[in-house]
Amino acid sequence: MYPFHSDTGRRNFLERFAKAVFGVSLLPSVRALGAHTPKNHAKAKSVIFLYMRGGISHIDTFDPKPGIPEMGGVNAIPTSADGVQISEWFPRMAKQMHHVSLVRSMTSTQGIHDQGTYLAHTSYVMTPTITHPSLGTWAVKQVGSPNRVLPGNILINGSPQHPRSGFMPTHLAPLPIVDPGAGLQNAALPPKTGETDFSRRTALAQAMGKGFVQGTPHRDAAAYLKVQQDAVALMKSEDLKVFDISRENPKVQAAYGTHTFGKGCLLARRLVESGVRFIEIEDAHNWDTHNDQVKSMEKMTPPTDQAMAALLEDLHQRGLLASTLVVMATEFGRTPQISNVTAGRGHHPAVFTWWFAGAGVKGGNVHGKSDGSGNHVQEKPVTMPDCNATIAQAMGIDLGQMEHSPSGRPFTVADKGKPVGELFA
Amino acid sequence: MANKQGYTLFATITTLKNTPSMYRVRNLFPILLLSFFGLFPLRQIQALEPPRFEKDILPILYHHCFACHSEKQAKPKGKLRLDCVDGIQSSGVVVPNKPDESELLKRVLLPHTEVEAMPPLKGGAQPLNASEKAILRQWIANGAKMDSWVRFDHRQTAFMQTDLANPKKNHQQWSVELQERIDQWHQARGTKLNPPVNDESFLRRVYLDVIGRIPSLGESTRFLESKNPDKRAKLIDELLASEGYVSHMFNWKADLLRLNTRGLSPGQPGKLYDDWVKEAIRSRMPYDAFVRKLVTASGQLWENGAVGFYVRDLGMPLDHMSNMSRIFLGTRMECAQCHDHPLEPINQKDFYQMVAFTFGVSNLGNPGGYSLENVKQFPEIKAKLASMKKDEALEQSISGTIAPMKRMTLDTDKKLTFPETYGYDTTLRGKLVEPRTLFGDEATIKDGDRRKAFAEWMTSPRNPRFAKNIANRLWKRVMGVGLIEPVDSLSALPNPTHAELMDFLTQMMVQLRFDERAFLAVLLNTRMYQSESVRETPEPGTAFALRGPQLRRLSAEQVWDSHLVLLVPDLDERKSTFQLSGVLDPKYLRKLTAMTADEIIAQARINQVEHARKRQISLRRAEQQKERAAALARGDTAEAQRLAVLHAKENKETADSNPKPESEGEITAKETDPRWKLLPPNLIRASETPLPLPLGHFLRQFGQSDRREIDAFNRDPNTTHSLALMNGDLTNRALADGSLLRRQLAASGLKDEFRTQLVYRAILVRSANADEIAITKNATQESKTPEQDVIWALLNSPEFLFNH
């Protein structure tokens, strides 16, 4: 959970004190040998991480194999990128491909949802003895966020099993936005409460609270009185408005569409405009299409295609794309072979596709290849930790910087991942 | 230079716990900090008494040296052993009276950037802090005496029960004796208990600590107006015997065991494991029996809910042992899963030897998924299918039908071998691991039943850490801080401050035959528990000073449940209407397990038809949506409306009572009890609420554990908490005219100041003082909703969120 100002807990006090006096973070900085970051790789002021939950099929989206029977009669279409074709399910994205670098040679060893999702978000294999921090948490820990008032790490429509801040302090966990159409949860006065009532009540609560706090030196007592003041200030502040997508021009709202994912993408653009560092939006369509692949894609893809394309176009038009890294991720692909029984596709971690756009990433580019039927990696295998290393480096995070869990174990932002330099111009 | 200072700061803070109390001055940290600038001579903090070996030096050697220099290593580094007198003396690393000639001291004084510095950071060890270095120096300067110490016993001797000739008869006697010990502890230090609490404070505290919520208005009034001189003891007994106790204790066990109602494993309903734990608590199953049953559980989840213990860590026997060791033995071994533990003399071999006891437990079946053991019908099914025409769809349906059964938990012949990468003795690679206990007695394996032997060793009163672990954790539960902290780091070394008291509590746990409620009764009846709380922030590394319970924030569950007291009558009786149905219904699963091969094939056909039917409905709905969307796209709203009506009629006829495919097998039935019919289904106690919960849920916001990891809860203040309390659903419901709280207040017939007092009692479980009455009167003078104002203000006061 994320307080809007850092709390004055002992740990933070020590960290800030240490930084001020010694100019270092508290823990010994034992660096692994890491590559330096070329200047053109560290341009991302913000990251928008689009997570397709369930394992979205690669040959039905961004790595089609025109003409083979496995395509199930679905065609490929040309795009705004020379020589690059994508699935006919994504006509709007086809017009945005000149911004995009496709990584068609993703590969993973984790073929189960929980484990695959965990690896995608943390770069570590899931284990029941520790929870690793997600990439957004690493980001705010290592490089903070341009906007000092808004939380730097936000999760829109996130899964209950999201690893969030893992073993790192909870104030670095992503602020959850459950319904992007509803703004910040509980930030509006209840229906029958007027401003006068509210002022009276908060004043009374503060007066009551003072008495308790005076007799209670425990720092959390005072902290709770303070967060109430912060909450009241937040409710009145201009910053809150960024969460209200209804303030956006109706044409723009329509461009993104009314699906939760679309609204989430619109909210993300607004947050990026306000200088929020890391925003993840989960697309909660059931991409885990074990049944009726073609019919499911037909139903699910239009709002997703619309939202993604609108986001890239909007960011580009506003001049934000150059400093915003947009990533589409998923836990695995789907088997090219369609099942006779269910007409669906199973899990397929052997090869799948992520894509990158913005922040200096090459446009109209394809990195890596899968084989002719989309079964295996043919060229330049890339792992999820590699991608996370790429994203981290784009934000200017030191890949070799070690952080320790409370039990003393050392970790880095992307474990053994190596950044894919070729994605950048 | 900056790095070194920052580094030493880290070492100071995180190893503060190793500093003996006599050297610990208030705010040691700034003194040490300043000493780095040469502004405060270290000599000032040296005490008057010379260091004693076992009390002051041994812990340093244990935490910083034994991981490489003890009998635990096949080849101690540099052939140096520091865990016995011979090792220390024969090596010459310590020259009595000459600290500057002692290699031991020289090496620990080297800056960590030097290759020869000890302990080496590269190995992951924690270097000594300035205080520890000073103590070492002093000890050597004073002759490096080791008194009567000979060697360190890594295996720890068995725990010996004492005082068996004089068993206490009831918990009141135990309470008196416990309090005597606490009083003696204070006497020796010239400290004392805080003043005793009044009835109001006791009332609120004991409800929260025993049944996890504040008392209702009726419960408060009954207790506060009672004139019975024994009312406190009686209340303690009542609460410990109540259903509310089960709810609160369940939350605690659930965090430790990582229970997850709907997230155990696909096809394995976690609710069955949840229910088993609840029933174990309700039926007063003794703690040792509880653990034995979990460790030795076999069978299907719907036959024996306890196998959830193994299903939870499906396919991960090494991690399973790490977790088991942490929660039942207070010993964190997970580092040693992959390499020798860098901070303790537990090595990878030790770890593997422990795993060898439970490694043979499997719930994955054979690589094909099915074996005679878990699906006894399988060979016959296979034979029948071979004799029929190939029907891929039927085969898939059969596979899906019997899938839950393959997760049966049972003992197999699987044997653990040392990994091919085992680095400490290459001759062991690939060899069988012989099971061996980590400490205390050896385990005697009879009839090859490793789990039984392991369970007996673990839960025996003789186990050096089993009773101690639960005693310490239960102490923490009601006192707020363990005698030993952190509670999952019990060590082979005696605790410097509380060794005797800890021993007494351990003796008590054993003599009470692991009855958790009786143990709690003893603690709750002490004067210490009934003293004013310690209201300062606890300092990490500082031993608990036993003045009274530690003030702390309520758990997410306690906050939620306390709100519900104001909204739901007979809260403890309200259970969830969440039910398992269809393929997750235990009745169906039990039937399935007993079916013949023919019956299973028939059932598979039924499931196939049902699945196809649901699929048709799903496809038809998608088509309907397309038709309506097309009409709207054409601008033909009339047609769209016509279609909507037509589709609604059509859907009613093919009504599907089962919910979405993702939640197949789970339904929430309608509430029928008149007390709660008009309340939403989610207003039930946290222990009743099926997990996982979405991120925006009140319980998640306030830090409920996601049960992914042990004790993954969080209690840090956060702005979102305040937003929820100010503008959220629970507060709005409490304020509403028809809420339970408002109706109770109205029914009282009280007015003005007396009414305000009642609100205070209902929410903060105390009376308002004169100032508070004046402030409220003043603030609500012009208000049209004075009562709601006060309720709101009290619910939003920090006081509500703390156990004080």
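The values are calculated or read from the model by the stated rules, or taken from the named source; none is laboratory data. Everything numeric here is computed off the predicted structure, so don't read it as measured data. Because the Cβ atoms are built from the backbone with ideal geometry, glycine has one as well, and the counts that use them run over all protein chains shown. For the accessible areas, the whole protein counts, side chains as well, though only heavy atoms, and no ligand, DNA or RNA atoms are used. Shrake-Rupley method; radii C 1.70, N 1.55, O 1.52, S 1.80 Å.
Looking at the range B:271-282, is at least one residue out of contact with any Pro (no Cβ under 7 Å at 6 or more places or on another chain), at pLDDT 95 or above and of a type in the set (Gly, Ala, Ser)? Checking the range B:271-282: at least one residue is out of contact with any Pro (no Cβ under 7 Å at 6 or more places or on another chain), at pLDDT 95 or above and of a type in the set (Gly, Ala, Ser). Among the residues of the range A:213-263, those identified as in contact with a Gly (Cβ under 6 Å, 6 or more places away or on another chain) and either open to solvent by less than 50 Å² (accessible area, probe 1.4 Å) or among the small types (Gly, Ala, Ser) (or both) are A:Leu225, A:Phe243, A:Tyr256. Among the numbered conditions (1) open to solvent by 60 Å² or more (accessible area, probe 1.4 Å); (2) within 24 Å of A:Gly257 (Cα to Cα); (3) modelled with pLDDT of 90 or more; (4) not small (Gly, Ala, Ser), the only one that B:Leu643 does not meet is (1).
Annotation: of all residues in the range B:782-794 being of a type in the set (D, E, K, R) and facing another protein chain (nearest Cβ under 9 Å), the one that is farthest from B:Asp561 (Cα to Cα) is B:Glu782.
Taking B:Leu493 as the residue in question, decide whether it is touching a residue at least 12 places away in the same chain (Cβ under 8 Å) and not in a loop (DSSP other than H, G, I, E, B). When the stated conditions are applied, B:Leu493 does not pass them. The set of residues in the range A:118-132 being more than 12 Å from chain B (Cβ to nearest Cβ) and out of contact with any Pro (no Cβ under 7 Å at 6 or more places or on another chain) consists of A:Leu119, A:Ala120, A:Tyr124. Within the range B:378-415, restricting attention to residues that are closer than 19 Å to B:Ser298 by Cβ and assigned to a loop (DSSP other than H, G, I, E, B), the residue that is most open to solvent (accessible area, probe 1.4 Å) is B:Asp413. Does B:Ala188 meet the test of being surrounded by fewer than 20 Cβ atoms within 10 Å (Cβ to Cβ) and under 30 Å from A:Ser405 (Cα atoms)? The answer is no for B:Ala188. Of everything in the range B:67-114 that is aliphatic (A, V, I, L, M) and part of a loop (DSSP other than H, G, I, E, B), the residue that is surrounded by the most Cβ atoms within 10 Å (Cβ to Cβ) is B:Ala67. For the range B:444-486, filtering for residues that are in contact with a strand residue (DSSP E or B) (Cβ under 8 Å, 6 or more places away or on another chain), closer than 24 Å to B:Gly212 by Cα and assigned to a helix (DSSP H, G or I) leaves 1. Here B:Arg715 passes the criteria (1) assigned to a helix (DSSP H, G or I); (2) within 14 Å of chain A (Cβ to nearest Cβ); (3) among the charged types (D, E, K, R) except the one numbered (1). Of the residues B:Glu434, B:Glu420, B:Glu456, the single one that is crowded, with 19+ Cβ neighbours inside 10 Å and out of contact with any Pro (no Cβ under 9 Å at 6 or more places or on another chain) is B:Glu456. Based on this model, can you work out whether B:Ser148 counts as among the hydroxyl-bearing types (Ser, Thr, Tyr), more than 14 Å from chain A (Cβ to nearest Cβ) and touching a residue at least 24 places away in the same chain (Cβ under 8 Å)? No.
Scanning the range B:732-781 for residues that are open to solvent by less than 50 Å² (accessible area, probe 1.4 Å), away from chain A (no Cβ under 14 Å) and part of a loop (DSSP other than H, G, I, E, B) turns up nothing. Restricting attention to the range B:437-453, the residues that are open to solvent by less than 70 Å² (accessible area, probe 1.4 Å) and among the basic types (Lys, Arg) total 2. Among residues of the range B:328-350 being open to solvent by less than 10 Å² (accessible area, probe 1.4 Å) and within 12 Å of chain A (Cβ to nearest Cβ), the one that is farthest from the chain's Cα centre (by Cα) is B:Ala336. Does B:Gly541 meet the test of being at pLDDT below 95 and touching a Leu at 6+ places or on another chain (Cβ under 9 Å)? Yes, satisfied. Yes or no: the range B:89-101 includes at least one residue that is within 25 Å of B:Gly541 (Cα to Cα) and more than 14 Å from every other protein chain (Cβ to nearest Cβ). No; the residues of the range B:89-101 include none that is within 25 Å of B:Gly541 (Cα to Cα) and more than 14 Å from every other protein chain (Cβ to nearest Cβ).
Apart from one condition, B:Met146 fits all of (1) open to solvent by 50 Å² or more (accessible area, probe 1.4 Å); (2) part of a loop (DSSP other than H, G, I, E, B); (3) among the aliphatic types (A, V, I, L, M); the exception is (1).
Looking only at the range B:290-307, decide whether some residue is in contact (Cβ under 8 Å) with a residue 12 or more places away in the chain, farther than 30 Å from B:Val478 by Cβ and within 14 Å of another protein chain (Cβ to nearest Cβ). No, the range B:290-307 contains no residue that is in contact (Cβ under 8 Å) with a residue 12 or more places away in the chain, farther than 30 Å from B:Val478 by Cβ and within 14 Å of another protein chain (Cβ to nearest Cβ).
Listed here are the residues, each with its yes/no results for (1) open to solvent by 10 Å² or more (accessible area, probe 1.4 Å); (2) at pLDDT below 95.
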{"position": "A:Phe332", "(1), (2)": "no, no"}
{"position": "A:Val341", "(1), (2)": "yes, yes"}
{"position": "A:Val361", "(1), (2)": "yes, no"}
{"position": "A:Asp371", "(1), (2)": "yes, no"}
{"position": "A:Met384", "(1), (2)": "no, no"}
{"position": "A:Thr390", "(1), (2)": "no, no"}
